[in-house]
Structures are given as C-alpha cells and as structure tokens.
Amino acid sequence: MSYQHQYVDGTPIHFPLGKAVCIGRNYAEHAKELNNPVPTEPLLFIKTGSCAVPLAGGFSIPADRGAVHFEAEIAVLIGKPLSRSPSAEEVRDAISGFAPALDLTLRDVQARMKEKGQPWELAKSFDGALVLAPFVPGDAVEDLTDIGIRLTLDGEVRQDGNSRDMLNPILPLLQHIAAHFSLQPGDVVLTGTPVGVGPLTSGSEVVLELVGLSRFESRVL
Ligand code: ZN
C-alpha cells in the first residue's frame, strides 16, 4: 500500500514524504532501558520516505529478521522549507501537523550493527518501518512541551510519554536538524520514543494516541 499524508478529517496533504529524520535516545528513561548512555548531542538517523505505510487498516512486520520492536513517537509534519539554522519562530511556522507514529525497529539486527559500529538503515528503514497516522493541524497544538504520546497493545498501556520529558524539545530539535539536513514540505521529524518499547507480534491490537488530540486503532497483520 502506498503512503500519502492526510489530516484526521480525511483531507489529503499533497506533499510527498521525502524522508523522516529521527532522533535516538531523546527520553532519558528509554535510553536507560536499552542500557544506552544518554547522548550529549542529538543522535540523528534517517528513514527513507519509501518505508512509510499508513496505520489505518493494519500493518505488516518482517517475520524472519528477529525481534521487531514498537517505538511510539510524536511525528511532526513539515509544511515549509527549513534550512541553515532557522529561528524557533520560523520552525513553529513551518509545522503543518502532528501525529502519532511507530518507528519500527529490527532490534536484533540493530544490536549487531551497534556492536560493529555500522549504520542502522537495515534495522530502521526496511519497507514498512515507518507507520504513520493522520495528522492534526499544526495549530491544534498550543504547547509543544506538553504533548502526550500513548501506545496500548492488546488492551495494556505500554508507552505513556509526554514531550515535556524530551531531552531535546521539539523546537530546538527541529532547529538542530535543519542546521544539518534541509527539511522540505512533506518531510517528517520523529521526536524519539519514551520508555516501554518491546516486541510486536502478528495479530496484536494497537491503539496509538496523541493524548486528547487524536486516537487510532489498528492491528499487526
Ligand atoms: Zn525511535
């Protein structure tokens, strides 16, 4: 299934998803649960636009590459070009939407790559590795430092985070990213996952929420 951005009311967003820029270890409690040091500078990586799939109707996971972990994250949709150290005001003005997303991760593959000091794309950017829900408009969120992200798996809340606990809050994070990678309309920034990650299995029921803003039910096919 090909992916196209849309708002929660079903309106299509006619920007292509070029790339998703992601941050690792942006919540201290999550860094600890994987026995990773808390980085002194944002740890960035990229998922290709082609690995995105919509959350609606269910999504597939690889069956033969070890553990597939869920990482629920707040996704920020870029609506205007950003590059070369934009101001916080320019960044805020360029945000077109917010959605919950899953940064699916082949955890066993990633562990091997981390051990060898290799890049993470095989673990992070396989087809289907970015699961995106529809967006609420950018102006639907008043306080970017108080956005709740929650994942419920088979009726049990597994991740329940808030952007207030980010080591790099959304606006400074986007400023930092745009200083290194030009962001284009349609690009997405994944802002890191709170504590509680774990393996997904086929048949599981998934509920993803931006608390009080949007809520979506889906399942692992
Ligand atoms: Zn992640």
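Is it the case that the range 68-78 has a residue that's closer than 27 Å to residue 211 by Cβ and assigned to a loop (DSSP other than H, G, I, E, B)?
Yes, there is a match, as at least one residue in the range 68-78 is closer than 27 Å to residue 211 by Cβ and assigned to a loop (DSSP other than H, G, I, E, B).
Please go through the range 1-31 and pick out each residue that is within 15 Å of the ligand (Cβ to nearest atom) and either assigned to a helix (DSSP H, G or I) or surrounded by fewer than 19 Cβ atoms within 10 Å (Cβ to Cβ) (or both).
Hits for the range 1-31 are 28, 29, 30, 31.
Evaluate the following for residue 38: is it modelled with pLDDT under 95 and more than 11 Å from the ligand (Cβ to nearest atom)? Walk me through it before giving the result.
Values: modelled with pLDDT under 95: yes; more than 11 Å from the ligand (Cβ to nearest atom): yes.
Yes; evaluated as a whole, the condition is true for this residue.
Hey, which of the helices (runs of 4 or more DSSP H) in the range 107-221, taking only ones fully inside, have at least 3 residues that are among the charged types (D, E, K, R) and more than 16 Å from the ligand (Cβ to nearest atom)?
107-116
How many residues, within the range 75-133, are among the hydroxyl-bearing types (Ser, Thr, Tyr) and touching an Asp or Glu at 6+ places or on another chain (Cβ under 7 Å)?
Step one: filter the range 75-133 for residues among the hydroxyl-bearing types (Ser, Thr, Tyr), giving 83, 85, 87, 96, 105, 125.
Checking the rest, the ones that are also touching an Asp or Glu at 6+ places or on another chain (Cβ under 7 Å) come to 105.
Result for the range 75-133: 1.
Before we move on, is residue 41 more than 17 Å from the chain's Cα centre (by Cα), outside any loop (DSSP other than H, G, I, E, B) and of a type outside the set (Lys, Arg)?
Spelling it out, it is not the case that residue 41 is more than 17 Å from the chain's Cα centre (by Cα), outside any loop (DSSP other than H, G, I, E, B) and of a type outside the set (Lys, Arg).
Could you tell me which residue of the range 65-101 is surrounded by the fewest Cβ atoms within 10 Å (Cβ to Cβ), considering only residues that are modelled with pLDDT of 95 or more, away from the ligand (no atom under 16 Å from the Cβ) and of a type in the set (D, E, K, R)?
Looking at the filtered set, the residue picked out is 89.
Please list, ordered by first then second residue, the pairs with beta carbon atoms under 6 Å, 6 or more apart or interchain, first in the range 44-65 and within 22 Å of residue 23 (Cβ to Cβ), second surrounded by fewer than 15 Cβ atoms within 10 Å (Cβ to Cβ) and charged (D, E, K, R).
Here the result reads 51/127, each pair linking the range 44-65 to a residue that is surrounded by fewer than 15 Cβ atoms within 10 Å (Cβ to Cβ) and charged (D, E, K, R).
Could you tell me which numbered condition residue 161 fails, if it satisfies all but one of (1) surrounded by fewer than 23 Cβ atoms within 10 Å (Cβ to Cβ); (2) under 13 Å from residue 208 (Cα atoms)?
The single condition residue 161 does not satisfy is (1).
Kindly check whether there is at least one residue in the range 104-111 that is closer than 24 Å to residue 164 by Cα, at pLDDT 95 or above, in contact with a strand residue (DSSP E or B) (Cβ under 9 Å, 6 or more places away or on another chain) and aliphatic (A, V, I, L, M).
Checked the range 104-111: at least one residue is closer than 24 Å to residue 164 by Cα, at pLDDT 95 or above, in contact with a strand residue (DSSP E or B) (Cβ under 9 Å, 6 or more places away or on another chain) and aliphatic (A, V, I, L, M).
Looking at the structure I just gave you, is residue 193 over 20 Å from residue 34 (Cα atoms) and polar (S, T, N, Q)?
Answer is no for this residue.
The values are calculated or read from the model by the stated rules, or taken from the named source; none is laboratory data. What you see is a predicted model, and the numbers here were worked out from it, not measured in a lab. Neighbour counts run over all protein chains shown; Cβ positions are idealised from the backbone, glycine included.
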